[in-house]
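**Student:** One structure, as structure tokens, below. Some questions next.
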Amino acid sequence: MQAVRSSATIRRGPLAARTSRSSVPTTVPEVAFSDQRLPNGLRVIVAEDHLAPVVAVNLWYDVGSKHEVPGKTGFAHLFEHVMFQGSRHVAKAEHIALVQAAGGTMNGSTWLDRTNYFETLPAHQLELALWLEADRMATLLDALSQENLDNQREVVKNEKRWSYDNRPYGSFQEKLQAHLFPPEHPYHHSTIGSMDDLDAATIEDVSAFFRTYYAPNNAVLSVVGDVETASVRAAAERYFGAIPASRDIPALGDLSLPPTLGGERRETVYDKVPLPRVHVGYRAPVFGDPRLDALDLAGQILSGGKGSRLNRRLVRDEQIAQDVAIFTLGFIGGASVTAGWATVRPGVPVARVEAALHEELARLTTELVTDDELARAKALTEADELGALQRVEERADRLSMYATLFDQPDLINKMLPRYLAVTPEAIREVAAAVFRPDNRVVLTYLPEGFAADDVALPADEQRRESDDAEVAA
């Protein structure tokens, strides 16, 4: 193994966070780490932190729902569940029991671009976590049975019913992805996938998927906490070193997309929801593009807390919305998503709320945000970032993320300075590129039995808005 960077503890250095008028001194943490690869391709990242006797172990696999093929969707998410059903030396559900008995916590998650598994334990239990992760990477198929597959397939179906089908507004992300990405693009389908595809999946299908993607040369192992780098390297080689690499990882095709949809897309959804809600979605620059940093700050200015623009206007001043949100979902394949919603207050025309939402987004495309607004957005973002980086489990996750998605784990030290360097001009530029009517999806959720007349503005309000528009013109 060849070291890329020597291991050390967190350091802090000065940074001038520039705004359009002044420079505000702050401090930004620097996470120092080692970065090596085992001969079988496993990337091992270690960051020492001796403040508390805990350790975080985080394993990212470069496989998510974007790696699935038509007719076999939902496999990545299914494996998030199957990976806890045992391996050659670990009985069903024993992984969880062993971690909890050692005083630790653990979980896993699946997304469009990746799958990850993670444990946080007392530092002296590090090797337990490494052994558990290595055993299921190497021998999961030894324990995969038709019974386990059928059981977890039903668990996933129940999760879809709980999180998507029977939750108010629960289908919005699935519908947004379907509108924002064309059918041939792998982001078109949701991470949970098709239940018909899962029903049709055989042991041979899921075994082939596992052998292809769950391999050391398709994974990043990050360890952060009260450990010695050399000991972690030795343990990683001992437990993972004999696992063979996969030689059959297929390359993804061209995922590039036009920056805009080319037209507005609308859908009205009648559902068991308590109040009408207007959801919006836009194609946005890919994760890693500095323009997405500016869009993140725009989200803070629009809906970050009670002092944000949308909260002030729609919730507090005009009192036409119950709640509002604007946020970005960063993807690396072709486009990200900026999305949000406004929940309509009882008795308020849905069209009035939608119009106000669009107006506030449009303001960002022509007007510069104020210095105070930008300083507030940066302060909120800095607090979020520093709060996350103080946790060993979050540092481990980010090191794995930046290594897996960008081959740049050192982005953990660069993201906060990038946010603090965003200018009002950068926000206006990206807002103008993204918040366009020809790049917009509008999903209007209405309670079942909602009258169509309650969606539109009353005639007198329509006339008044038309008159206001003429005056403004």
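**Student:** When you scan segment 398-414, how many residues do you find that are buried (at least 18 other Cβ atoms within 10 Å of the Cβ), under 16 Å from ILE332 (Cβ atoms) and within 16 Å of the chain's Cα centre (by Cα)? Please lay out each step first, then the result.
**Tutor:** Here is the first cut: in segment 398-414, the residues buried (at least 18 other Cβ atoms within 10 Å of the Cβ) are 398-405, 409, 412-413.
Narrowing further to those that are under 16 Å from ILE332 (Cβ atoms): 398, 400-405, 409.
Applying the additional criterion that residues be within 16 Å of the chain's Cα centre (by Cα) yields 398, 400-405.
Residues in segment 398-414 being buried (at least 18 other Cβ atoms within 10 Å of the Cβ), under 16 Å from ILE332 (Cβ atoms) and within 16 Å of the chain's Cα centre (by Cα): 7 in total.
**Student:** Give the residues of segment 51-66 that are open to solvent by 10 Å² or more (accessible area, probe 1.4 Å) and over 20 Å from ALA236 (Cα atoms), sorted by residue number.
**Tutor:** LEU51, ALA52, LYS66
**Student:** Could you list, in sequence order, all residues of segment 161-209 that are more than 22 Å from THR338 (Cβ to Cβ), part of a helix (DSSP H, G or I) and without any contact (Cβ under 8 Å) to a residue 24 or more places away in the chain?
**Tutor:** ARG161, TRP162, ASP165, ASP196, GLU204, ALA208
**Student:** Shifting gears a bit: All but one of (1) closer than 21 Å to SER163 by Cβ; (2) in a strand (DSSP E or B) hold for PHE84, so report the exception by its number.
**Tutor:** Failing condition for PHE84: (2).
**Student:** Additional query: I'd like to check something: does segment 75-89 contain any residue that is in contact with a helix residue (DSSP H, G or I) (Cβ under 6 Å, 6 or more places away or on another chain), crowded, with 17+ Cβ neighbours inside 10 Å, closer than 29 Å to GLU228 by Cβ and of a type outside the set (Ser, Thr, Tyr)?
**Tutor:** yes
**Student:** So which of ALA245, ALA200, ALA234 is out of contact with any Phe, Trp or Tyr (no Cβ under 7 Å at 6 or more places or on another chain), under 23 Å from VAL156 (Cβ atoms) and open to solvent by 40 Å² or more (accessible area, probe 1.4 Å)? Walk me through it before giving the result.
**Tutor:** On the way: ALA245 fails: under 23 Å from VAL156 (Cβ atoms); ALA234 fails: under 23 Å from VAL156 (Cβ atoms).
Testing whether each residue is out of contact with any Phe, Trp or Tyr (no Cβ under 7 Å at 6 or more places or on another chain), under 23 Å from VAL156 (Cβ atoms) and open to solvent by 40 Å² or more (accessible area, probe 1.4 Å) leaves just ALA200.
For every residue, the table says whether it meets (1) of a type in the set (Val, Ile, Thr); (2) in contact with a Pro (Cβ under 8 Å, 6 or more places away or on another chain).
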residue	(1), (2)
PHE287	no, no
ILE301	yes, no
TRP341	no, no
PRO349	no, yes
ARG352	no, no
ALA356	no, no
ALA362	no, no
ASP372	no, no
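**Student:** Inspect all residues belonging to segment 135-144 and state whether any of them is crowded, with 20+ Cβ neighbours inside 10 Å, part of a helix (DSSP H, G or I), modelled with pLDDT of 95 or more and of a type in the set (D, E, K, R).
**Tutor:** yes
**Student:** In this structure, does VAL422 turn out to be of a type in the set (A, V, I, L, M), open to solvent by less than 20 Å² (accessible area, probe 1.4 Å), at pLDDT 95 or above and within 23 Å of VAL344 (Cα to Cα)?
**Tutor:** Details: of a type in the set (A, V, I, L, M): yes; open to solvent by less than 20 Å² (accessible area, probe 1.4 Å): yes; at pLDDT 95 or above: yes; within 23 Å of VAL344 (Cα to Cα): no.
Taking the combined requirement at face value, the residue does not satisfy it.
**Student:** How many of the residues in segment 203-231 are surrounded by fewer than 16 Cβ atoms within 10 Å (Cβ to Cβ) and in contact with a Pro (Cβ under 7 Å, 6 or more places away or on another chain)?
**Tutor:** Here the count works out to 0.
**Student:** Would you check if there is a residue in segment 88-97 being at positive phi and of a type in the set (A, V, I, L, M)? Steps first, answer last, please.
**Tutor:** Within segment 88-97, the subset at positive phi is 93.
This time we only want the ones that are of a type in the set (A, V, I, L, M), so: 93.
Within segment 88-97, one or more residues are at positive phi and of a type in the set (A, V, I, L, M).
**Student:** Yes or no: THR338 open to solvent by less than 30 Å² (accessible area, probe 1.4 Å), within 15 Å of VAL430 (Cα to Cα), polar (S, T, N, Q) and at pLDDT 95 or above?
**Tutor:** Criteria met by THR338.
Here is a yes/no grid of residues against (1) under 29 Å from ASP248 (Cα atoms); (2) of a type outside the set (Lys, Arg):
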residue	(1), (2)
HIS67	yes, yes
VAL82	yes, yes
VAL90	yes, yes
LEU112	yes, yes
LEU132	yes, yes
ARG136	yes, no
ASN151	yes, yes
GLU154	no, yes
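**Student:** Only residues that are in contact (Cβ under 8 Å) with a residue 60 or more places away in the chain and within 15 Å of LEU420 (Cβ to Cβ): list them for segment 374-408, please.
**Tutor:** LEU374, ALA375, ARG376, ALA377, LYS378, LEU380, THR381, GLU382, LEU386, LEU389, listed by residue number.
**Student:** Restricting attention to segment 341-376, which residues are open to solvent by 50 Å² or more (accessible area, probe 1.4 Å) and not in a loop (DSSP other than H, G, I, E, B)? Talk me through it step by step, then tell me what you get.
**Tutor:** Here is the first cut: in segment 341-376, the ones open to solvent by 50 Å² or more (accessible area, probe 1.4 Å) are 341, 345-347, 352, 359, 363, 366-368, 370, 372, 376.
TRP341, ARG352, GLU359, ARG363, THR366, ASP372, ARG376, listed by residue number.
The values are calculated or read from the model by the stated rules, or taken from the named source; none is laboratory data. Predicted model only: the values in this text are computed from it and were never measured. Counting neighbours? That spans all protein chains shown, and the Cβs are built from the backbone with ideal geometry, glycine included. What goes into the accessible areas is simple: the full protein's heavy atoms, side chains included, and nothing from ligands, DNA or RNA. Shrake-Rupley method; radii C 1.70, N 1.55, O 1.52, S 1.80 Å.
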